[in-house]
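Throughout, read-outs are computed from the coordinates displayed, never taken from laboratory work. As the structure is a computational prediction, the values presented were derived from the model and not from experiment. Ideal geometry is used to build each Cβ from the backbone, glycine not excepted, and the neighbour counts take in all protein chains shown.
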Amino acid sequence: MRLSNKVAIITGAANGIGFAAAKRFAKEGAKVVIADFNESEGKLKEVELREEGYEALFVQVDVSNKDSVDRMVEQVLSTYGTIDILINNAGITRDAMLTKMKQNDFQRVLDVNLTGVFNCTQAVVPFMIEKGTGKIISTSSVSGVYGNIGQTNYAAAKAAIVGMTKTWAKELGRKGINVNAVAPGFTETNMVASVPEKVVDSMKAMIPLQRLGKPEDIANAYLFLASDESDYVNGTVLHVDGGIMM
Ligand code: CAA
Ligand code: NAI
């Protein structure tokens, strides 16, 4: 198994890509922390994984709130005693054209998608430095790398993740910590379900592989970057988008 006894915090793991990753990591022997705002879904997913014989723990967290993140990390440490992997996967959209975007929708997306990544990483890094090892993976997006109509707020946060990833790779590499990002393309989750059909169709038409991503496609990339197989990969942005833009 590729993650035997590793403790992995996956934010936003109650749904979509995060849950696919939780399942994949659990199958590879990890102790998985489902760190999510959505308590009802999170508890259901904890039970689902436990019933399949895996080690899983749901902890409610709002990644945009530093105190909430600190409490989550304390609970993980008191349950499992260590943290080996952090997947900064939680994210939201509040799409609107620039001229119509409300200030609070701009700010909320930055709070969750950008400050949330900062909060979680800052909270776990001292423990990884102490151990001299760790893997941090954050979720960017095709929108952050290339821009996307209607996503000023989201693209800003997802582009910033690339900058933070490269900065942390430089700061933390010498401490034995690998820091990387994954930039998914359009992937079949609730997030895309709310996108107008004609936009999804036009995106699909641009993808050489001619299909949207599946949550498992992204989970596989997280797994590679979380496993020992990527020990010499640092500061990279792994595009998992069917080749939508090159
Ligand atoms: N490509 C080309 N033209 C587009 C377009 C696109 N992707 N999106 C909108 N337009 C055009 C519309 O056709 C329309 O043109 P006309 O004025 O000529 O009619 C114009 O822009 C205005 O669009 P709307 O009428 O839709 O404007 P609205 O204010 O009602 O809605 C919107 C704007 C909320 C941004 C809506 O268009 C929308 O939801 N678009 C999709 C945004 C999107 O792609 N989000 C991705 C979510 S998934 C995700 O975020 C995951 C990830 O990382 C990729
Ligand atoms: P999703 O909407 O299915 O799941 C997101 C999860 O994050 C939910 O369980 C939600 O409760 C949780 N969450 C939201 N706000 C939170 C907060 N403040 N604190 C803790 N948890 C919170 O979305 P999906 O598609 O699985 O997205 C996962 C990640 O992948 C996000 O960062 C998203 O931006 C990114 N992404 C998604 C793409 C897609 O096409 N679905 C494409 C590119 C990137």
For E48 and Q122 in one chain, what is 0.36 nm times their gap in residues minus the Cα-Cα distance, to one decimal in nm?
-> 23.6 nm
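For the peptides 10-23, 160-173, what is the packing order when you average, over each peptide's residues, the other Cβ atoms within 10 Å and list the highest mean first? Write out the running numbers ahead of the final one.
On the way: 10-23: 26.9, 160-173: 17.6.
My ranking of the peptides, most packed first, is 10-23, 160-173.
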Residue-ordered couplings for the range 228-234, obtained by feeding phi - 60° into the Karplus form 6.51 cos²θ - 1.76 cosθ + 1.60 and rounding to whole Hz (Gly and Pro as x), are 5, 4, 10, 4, 9, 9, 8
Return the long-range amide H neighbours of F58 (sequence gap of 5 or more, or a different chain), with a cut-off of under 5 Å between placed amide H atoms.
-> I34
How big is the range 1-95 by the Kirkwood estimate over distinct Cα pairs, in Å?
-> 12.9 Å
Chain lengthening between A205 and K175 when straightened (0.36 nm per residue, less Cα-Cα) | 6.4 nm
Quick one: Cα centre-to-centre distance for the range 83-159 and the range 1-62, in angstrom?
-> 20 Å
Quick P(r) readout (the chain; Cα-Cα; 5 Å bins; whole %) gives 1, 7, 14, 19, 21, 17, 11, 6, 2, 0, 0
Full extension from I149 to E229: what is 0.36 nm times the residue separation minus their Cα-Cα distance, to one decimal in nm?
-> 25.2 nm
Once you have the alpha carbon radius of gyration of the range 82-151, what is it after dividing by 2.2 N^0.38 Å, with N set to its residue count?
-> 1.37
Would you kindly work out the equivalent ellipsoid of the range 1-41 from its C-alpha gyration tensor and give its semi-axes, the square roots of five times the eigenvalues, largest first in whole Å?
-> 19, 9, 6
Phi angles of the range 47-53, converted by Karplus (6.51 cos²θ - 1.76 cosθ + 1.60, θ = phi - 60°) into ³J(HN,Hα) in whole Hz with x for Gly and Pro, give 4, 4, 5, 5, 5, 8, x
Would you mind counting up the charge near T189? Only other residues with Cβ under 13 Å from its Cβ, with Lys and Arg at +1 and Asp and Glu at -1.
-> -3
